[in-house]
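These notes are about the structure you will find just below.
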Amino acid sequence: MKKILVIIVSVVALAGCTISYSFTGASIPPDAKTVFVADFRNVAPLVNPSLANDLTEAMKDKFVGQTSLKLGDENADLYFEGSITAYGTQPVAIKTGDVAAQNRLTITVKVKFVNNKDKSANFDTSFSRYEDYDSQYNLTDVEDQLVKTIIESLVDDIFTKAVVNW
């Protein structure tokens, strides 16, 4: 009888937990069911035509694929909106004769996050990531792969800030 009572008490105690965890380290309020990612706007002086859409879709994929959240509308439990504020390349390593040996592609995004279940988690922050490439290549030769890598890093940073409470 004592064993059955201990099991029942344990089950009841575990059922009362209020934070859900996932293998990604995400800590999302258990009553949060939906996420909305508004289309990112591209306001950078130099525009990559597919960047805003690629970033928006990567954000949606990350949250739907690595959490139990479903896509919702503007009234979702978790809400993201943002803009691409900088996109550009610059030399980072100079070799003999003042010639660039390496260039750096940098992307900066400003993200507003609203957690309608926990207002203390809200933020409005800029995230920036870059990738270096050898100057023997034109940006157009390596741009697609660099952008893909940078987007993955930016989305990871945003995800971590929004739902990983380390």
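For the pair Asp39/Gln102, report the inter-label distance in nm, with labels modelled 7 Å from Cα in the Cβ direction.
It is 3.7 nm.
Length gain on complete extension for the stretch Thr125 to Glu74, per 0.36 nm per residue less the alpha carbon to alpha carbon distance?
Result for the pair: 16.4 nm of gain on full extension.
For a footprinting-style exposure proxy, rank Ser83, Ser126 by other Cβ within 10 Å, fewest first.
So the residues, fewest neighbours to most, are Ser126, Ser83.
Where a number appears in this text, it was derived from the coordinates with a stated rule and is not lab data. Predicted model only: the values in this text are computed from it and were never measured. Because the Cβ atoms are built from the backbone with ideal geometry, glycine has one as well, and the counts that use them run over all protein chains shown.
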